[in-house]
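Chemist: Take a look at this one; I'll ask things after.
Laboratory data are not the source of any read-out in this text; all were calculated from the coordinates shown. The model shown is predicted, which means the values in this text are computed figures rather than measured ones. Here the Cβ positions follow ideal geometry from the backbone for every residue, glycine too, while neighbour counts run over all protein chains shown.
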Amino acid sequence: MSSHGSFQIIGHRGAAGIAPENTLTGFEIALRYCDAVELDVHLVDGVLAVIHDERLERTTDGEGFVRDLKREQLASLDAGDGQVIPRLDEVIELLERHAGLRQEKLFLNIELKGPHTAPGVASIIRETKSLDLLVSSFNHGELQDFRELDGTTPVGVLYHRWRESWRETASGLNAQAVNLSERIATSKRIRSIRDEGYACYVYTVNDRETARRLASFGASGIFTDRPDLMGSLMEARG
Ligand code: G3P
Ligand code: MG
């Protein structure tokens with residue numbers, strides 16, 4: 001959630017357009033340009049690994065399913081530019097360090113990408129104090145599991161296809177945000193979400209024109225692979 005009510009620029013998978021996605025370097029680079037980042041988690045051998053795909057090939061030099069890894073292997077695969085696949089607790093530590101240095105709260109959106117990620121996330125964030133958190137997922141069952149374990153951390157329901165049932169889903173989860181793909185993010189839908197008191201963040205927006213348009217529709221912010229291109233939009237809400 002934006003702590004200052006302005007249009008929030010959220011680095012998508014860190015800064016996926018200019019740095020290896022979902023890596024510690026990627027998050028550090030994103031933080032040069034914005035104060036919010038998004039990441040994806042999968043459960044790997046009992047730990048939460050920060051990686052988007054269920055397979056390793058696209059973003060690492062490994063092969064096969066992420067879920068088949070042993071935890072030691074996370075630090076042995078190359079996730080780009082010599083970076084490894086980080087654990088969620090390592091990313092949180094990095095962000096908390098930056099929050100301390102900047103003396104401001106940073107925003108972290110944890111997307112529950114893989115199955116059975118809710119319990120580990122609920123447990124890890126229990127001690128997290130210096131970050132504004134949002135836990136989101138396309139998997140609304142996983143979000144429900146999270147909500148049952150954690151009744152207070154803000155939750156965001158993700159949609160890549162529009163569903164008129166979003167109201168029941170969001171209210172059943174006691175959600176704070178309803179986040180949309182840019183392909184379905186019309187002015188009317190954003191307005192209806194905002195009018196009912198939810199935040200609405202839109203993914204993935206890599207050009208300023210689209211970002212500006214979404215701000216004028218009342219969107220709360222965007223997920224972007226190119227936070228470096230979005231300077232000054234933080235005050236852009238129409
Ligand atoms: O949460 C916004 C965005 O990350 C959802 O899509 O596939 O990039 O995780 P994806
Ligand atoms: Mg994501």
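Chemist: Residues of the stretch 131-159 with the amide nitrogen closer than 12 Å to a label point 7 Å from the Cα of Glu28, along Cα-to-Cβ, please.
Modeler: none
Chemist: By how many degrees, 0 to 90 and rounded to 10, does the Cα axis of helix 208-217 deviate from the longest principal axis of the chain?
Modeler: 50 degrees
Chemist: Would you mind checking the tilt of helix 88-102 against the longest principal axis of the Cα atoms of the chain, expressed as 0 to 90 degrees and rounded to 10?
Modeler: Between helix and principal axis, roughly 60 degrees.
Chemist: Counting each DSSP H run of 4 or more residues in the chain as -39500 (n - 2.57), what helix-only mean residue ellipticity at 222 nm follows after dividing by all residues, to the nearest 500 deg cm²/dmol?
Modeler: Calculated at 222 nm, the ellipticity per residue is -8500 deg cm²/dmol.
Chemist: Also, I was wondering about something else. How big is D for the stretch 8-236, in µm² s⁻¹ as a whole number, if Stokes-Einstein is applied with the Kirkwood radius of its Cα pairs at 4 °C and 1.567 mPa s?
Modeler: Numbers: Rh = 17.6 Å.
Using the Kirkwood radius from Cα pairs, D works out to 73 µm²/s.
Chemist: Using only the alpha-carbon atoms, how far is helix 140-149 inclined from the longest principal axis of the chain? Give it as 0 to 90 degrees, nearest 10.
Modeler: The angle comes out near 80 degrees.
Chemist: Now for a separate question. Quick one: dipole size for the chain, taken about the Cα centre, charges +1 on Lys/Arg Cβ and -1 on Asp/Glu Cβ, in debye to the nearest 20.
Modeler: Using only the charged Cβ atoms, the result is roughly 960 debye.
Chemist: Ratio of alpha-carbon Rg to the 2.2 N^0.38 Å globular estimate for the stretch 107-238, to two decimals, please.
Modeler: 1.04
Chemist: While we're here: Could you give the C-alpha radius of gyration of the stretch 83-161 expressed as a fraction of 2.2 N^0.38 Å, taking N as the number of residues it contains?
Modeler: Working: Rg = 12.9 Å, N = 79, 2.2 N^0.38 = 11.6 Å.
Computed over Cα atoms of the stretch 83-161, the ratio equals 1.12.
Chemist: Quick check: pseudo-label points 7 Å beyond the Cα along Cα→Cβ at His160 and Ser187, how many nm apart are they?
Modeler: 2.8 nm
Chemist: Given the options Ala15, Ala185, Ala99, which has the most mean-square fluctuation in a GNM of the chain, springs set between C-alpha atoms less than 10 angstrom apart?
Modeler: Of Ala15, Ala185, Ala99, the Gaussian network model singles out Ala99 as fluctuating most.
Chemist: Based on alpha-carbon positions alone, could you give the equivalent ellipsoid semi-axes of the stretch 31-144 from the gyration tensor, as √(5λ), descending, whole Å?
Modeler: Numbers: eigenvalues 107, 62, 29 Å².
Here the semi-axes work out to 23, 18, 12 Å.
Chemist: Taking a cut-off of 16 Å between Cα atoms, list the aspartates and glutamates near Lys129, but don't count ones fewer than 8 places away on the same chain.
Modeler: Result set, ordered by chain and number: Asp35, Asp89, Glu90, Glu93, Glu96, Glu104, Asp150.
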